[in-house]
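The values are calculated or read from the model by the stated rules, or taken from the named source; none is laboratory data. Small disclaimer: the values here were computed from a predicted structure and weren't measured. A quick note on method: Cβ atoms are made from the backbone with ideal geometry, for glycine too, and the neighbour counts reach across all protein chains shown.
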Amino acid sequence: MTMYAEVILEYAQNPSNKKALIQAEIISHDTNPLCGDAVTIYAQLQNNVVSKCTFEGVGCAISLAAASMLCEHVEGRTVAELTKLTKEQLLELLGIEVSYARLKCALLSLKTLKVGAYNFLATTNPQPRDADSTDAQRENENSSTTQRTFASTPSEALQ
Amino acid sequence: MRYHDLKKTVFSDSAPQSIMNSSSFKKDFPLLAKQNIFYLDSAATSQKPLVVLKQMEKFYKEKNANPHRGIYSLSEAATKAYENSREVVAKFINAKPTEIVFVKNATEAINLVAISWGKKNLQKEDRIVLSEMEHHSNIVPWQQVALETGAIIEKIPLNTDHSALDMAEYVRLFFPQRMSEKNSKYKKKVKIVGTIHISNVLGTINPINEMTRIAHQNGALILVDACQSTGHLPLDVKELDVDFLVFSGHKMFGPSGIGVLYAKEEHLKNMPPFLTGGDMIKTVSWEKSTWADLPHKFEAGTPPVAEAVGLAAAIEYISSIGFSAIHSHENDLTRMLHKELAAIEGVIVLGPSLKTARGALVSFDVNNVHPHDVASILNESKVCIRSGHQCAMPLHTSLNLAASCRASISIYNIEEDITALVAGLTRVKEVFRL
């Protein structure tokens, strides 16, 4: 089965959402140096909900189509929901069978968006660190720390 | 037949069509005989002829034991098989067996030189000169040694049309005036030159004789990465007069896991061991150890015996065909490949023009299509090419490309492989509506 379905080419060659949104609350950039792919994802928020999502970048058709489809898909979702997006969801969105060698192309924009979302949450909702915190709070803090570590190592962000 | 004679006689359109069209060599390669693919990625790794696989199997079935250790006959047979392979390699490049060090690949061979020779001989502000078309394997080990020793890396730039090295600039790197210029960061001499023989991206054949002569005149050594030339062109280290020459077995019909470092004996004698442990020692006490004689001083641990046997079988296979036939077949197909690619609108061919001799590979770029997309679409028609930065990111930066595509030729390729590639590229353009 071809990876180059009509719809993929359409998204890759004529992406309607390929533009910068400099006023966006989430701006996240990452590269795939092995391919020379680079992407910047912009997500504008209203009450922690994505009101508009766009991207800029260079790369192969698979990575560009994935970025454009992802941006479309996440509008209307909360930032917390962005952090929970999975690789499977993205592949379902693409609707093609992505070969193993091309997975990193397909997943670059998802990784970039998730890192952006985690960083946004980390800077806007710092966790309480006082000595009186309850067990529940502490547990919450632990899991959040885990999440933040998760986010700061992009290669793990998709696991 | 030496390379210079080849250059005079074979770089022409004269090969008999029968060789190009027949699969006389293809039948020697079980994978290609069985799978219906168009394999154009031999510069990454070659396919393996049956004789190589058979010899390795025979070794395991009949001679397997740990060499250099056992007193029993089987271990002696393994030792003989291993050392015989070294002699075959030595003869193949006109070296002495004591000058042949088995390593796992060319990358390890360069690491050995950079670490063992480099740490001993390089000092702060000494200069390491590398060509702009180096593979990462001949850049990164030197960067690491430069970090430790304070040595400086300089590059030999490409000429203006990106087809060859700028030899005038190469000569200029040695000028003593550069060191006396005011505020010059170059205060010390060039200690070593590292260059690829045939560029794995451009296909350029670098003038090793001339580069070596200039390096030696200025008191520098030279290391040559011969990965893309071994098995394609005859190599004679005595004639080339290089100090170090490295290559990998798997690119010349041999197995993976074995590579070769050739070094002049005088250098090996003065270099400290690279990896240490078993097999590379003469004596060990709690206080100190002494080293085995050359070349064993540089081969720690149980060596890759079956792989060495496989490499020797590969060399025998190459010799049985002969460089003249190999070169004539590969050169004709490479010329055809170059012409066909250059004729496709929107395809840009990298490297030297058809007027210049080149290695058996052609890299290219399809306008407005990422090389990974090109390779994926070609894969749908069973055409295997390399795409990406080809382990030469600095070179691609100079070419102003993030990545490129490469088709490479070996003796088992036939015209149909190129026809399939060209048809595949037409399909790429259709898919991308170009």
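Among the residues of the range B:339-373, the ones that are of a type in the set (Phe, Trp, Tyr) and in a helix (DSSP H, G or I) come to 0 in all. Taken over the range A:1-30, the criterion of being within 10 Å of A:Ile41 (Cα to Cα) and either outside any strand (DSSP E or B) or within 13 Å of chain B (Cβ to nearest Cβ) (or both) is satisfied by A:Lys19, A:Ala20, A:Leu21, A:Ala24.
Would you say B:Lys429 is among the basic types (Lys, Arg), farther than 16 Å from B:Phe38 by Cα, surrounded by fewer than 24 Cβ atoms within 10 Å (Cβ to Cβ) and under 25 Å from the mean Cα position of the chain (by Cα)?
On the way: among the basic types (Lys, Arg): yes; farther than 16 Å from B:Phe38 by Cα: yes; surrounded by fewer than 24 Cβ atoms within 10 Å (Cβ to Cβ): yes; under 25 Å from the mean Cα position of the chain (by Cα): no.
Spelling it out, it is not the case that B:Lys429 is among the basic types (Lys, Arg), farther than 16 Å from B:Phe38 by Cα, surrounded by fewer than 24 Cβ atoms within 10 Å (Cβ to Cβ) and under 25 Å from the mean Cα position of the chain (by Cα).
Looking at the range B:59-137, the helices (runs of 4 or more DSSP H) lying wholly inside it that each contain 3 or more residues that are surrounded by 16 or more Cβ atoms within 10 Å (Cβ to Cβ) sit at B:73-92, B:106-112.
Between B:Leu354, B:Leu275, the distinction of being surrounded by fewer than 19 Cβ atoms within 10 Å (Cβ to Cβ), of a type outside the set (Lys, Arg) and at pLDDT below 95 belongs to B:Leu354 only.
Keeping to the range B:409-430, report how many residues are β-branched (Val, Ile, Thr) and facing another protein chain (nearest Cβ under 10 Å). Walk me through how you get there before you give the answer.
Of the residues in the range B:409-430, the ones β-branched (Val, Ile, Thr) are B:409, B:411, B:414, B:418-419, B:422, B:426, B:428.
Now narrow it down to the ones that are facing another protein chain (nearest Cβ under 10 Å): B:428.
Residues meeting the conditions: 1.
From the list A:Glu97, A:Glu81, the one residue that fits, being farther than 29 Å from B:Ser381 by Cβ and among the charged types (D, E, K, R), is A:Glu81.
Considering each residue of the range B:392-403 in turn, at least one proves to be within 12 Å of another protein chain (Cβ to nearest Cβ), under 19 Å from the mean Cα position of the chain (by Cα) and under 24 Å from B:Ser131 (Cβ atoms). Residue pairs whose Cβ atoms lie under 6 Å apart, separated by 6 or more positions or on different chains, with the first residue in the range A:44-72 and away from chain B (no Cβ under 14 Å) and at positive phi and the second buried (at least 16 other Cβ atoms within 10 Å of the Cβ) and outside any loop (DSSP other than H, G, I, E, B), are A:Asn48/A:Val79.
Evaluated against (1) surrounded by fewer than 24 Cβ atoms within 10 Å (Cβ to Cβ); (2) within 14 Å of another protein chain (Cβ to nearest Cβ); (3) on the phi < 0 side of the Ramachandran plot, A:Glu81 falls short on exactly one condition, (2). Scanning the range B:138-173 for residues that are in contact (Cβ under 8 Å) with a residue 40 or more places away in the chain, in contact with a Gly (Cβ under 8 Å, 6 or more places away or on another chain) and assigned to a helix (DSSP H, G or I) gives B:Asn138, B:Trp142. Looking only at residues of the range B:365-385 that are more than 12 Å from chain A (Cβ to nearest Cβ) and crowded, with 23+ Cβ neighbours inside 10 Å, we find that the one that is farthest from B:His162 (Cα to Cα) is B:Val383.
Is it fair to say B:Thr397 is modelled with pLDDT under 95, within 29 Å of B:Pro157 (Cβ to Cβ) and either β-branched (Val, Ile, Thr) or not assigned by TED's automatic domain parsing to the domain that holds B:Phe253 (or both)? Give the derivation first.
Numbers: modelled with pLDDT under 95: yes; within 29 Å of B:Pro157 (Cβ to Cβ): yes; either β-branched (Val, Ile, Thr) or not assigned by TED's automatic domain parsing to the domain that holds B:Phe253 (or both): yes.
So B:Thr397 passes the test.
For the range B:386-421, filtered to residues that are crowded, with 17+ Cβ neighbours inside 10 Å and among the β-branched types (Val, Ile, Thr), the residue that is nearest to B:Ser199 (Cα to Cα) is B:Ile409. Selection of the range B:147-168 for residues being surrounded by 15 or more Cβ atoms within 10 Å (Cβ to Cβ), more than 20 Å from B:Arg358 (Cα to Cα) and over 20 Å from the mean Cα position of the chain (by Cα) yields B:Thr149, B:Ala151, B:Ile152, B:Glu154.
Each row is one residue, and each column tells you yes or no for (1) in contact with a helix residue (DSSP H, G or I) (Cβ under 7 Å, 6 or more places away or on another chain); (2) of a type in the set (S, T, N, Q).
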position	(1), (2)
B:Arg178	no, no
B:His197	yes, no
B:Gly203	no, no
B:Asn209	yes, yes
B:Leu235	no, no
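Within the set B:Arg406, B:Arg433, the sole residue that is closer than 19 Å to A:Gly59 by Cα, within 14 Å of chain A (Cβ to nearest Cβ) and among the charged types (D, E, K, R) turns out to be B:Arg433.
Yes/no per residue for (1) more than 27 Å from A:Ile22 (Cβ to Cβ); (2) in a helix (DSSP H, G or I):
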{"residue": "A:Ala43", "(1), (2)": "no, no"}
{"residue": "A:Ala67", "(1), (2)": "no, yes"}
{"residue": "A:Glu72", "(1), (2)": "no, yes"}
{"residue": "A:Glu88", "(1), (2)": "yes, yes"}
{"residue": "A:Glu92", "(1), (2)": "yes, yes"}
{"residue": "A:Ala101", "(1), (2)": "yes, yes"}
{"residue": "A:Ser109", "(1), (2)": "no, yes"}
{"residue": "A:Thr112", "(1), (2)": "no, yes"}
{"residue": "A:Val115", "(1), (2)": "no, yes"}
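Within the range B:256-272, the set of residues being touching a residue at least 40 places away in the same chain (Cβ under 8 Å) and surrounded by fewer than 19 Cβ atoms within 10 Å (Cβ to Cβ) comprises B:Ser256, B:Gly257, B:Lys264, B:Glu265, B:His267, B:Asn270, B:Pro272.
Among the residues making up the range A:31-43, those that are within 14 Å of another protein chain (Cβ to nearest Cβ) and either over 22 Å from B:His136 (Cβ atoms) or among the aliphatic types (A, V, I, L, M) (or both) are A:Leu34, A:Ala38, A:Val39. Within the range B:213-232, the residues that satisfy the criterion of being on the phi < 0 side of the Ramachandran plot and surrounded by fewer than 24 Cβ atoms within 10 Å (Cβ to Cβ) are B:Arg213, B:Ile214, B:His216, B:Gln217, B:Asn218, B:Ala220, B:Leu221, B:Ile222. For B:Val309, the criteria (1) under 30 Å from A:Met3 (Cα atoms); (2) over 18 Å from the mean Cα position of the chain (by Cα); (3) outside any loop (DSSP other than H, G, I, E, B); (4) more than 14 Å from chain A (Cβ to nearest Cβ) hold in every case but one, which is (1). In the set (1) of a type outside the set (Phe, Trp, Tyr); (2) at pLDDT 95 or above; (3) surrounded by 14 or more Cβ atoms within 10 Å (Cβ to Cβ); (4) more than 16 Å from A:Gly116 (Cα to Cα), A:Met3 fails one condition alone, (2).
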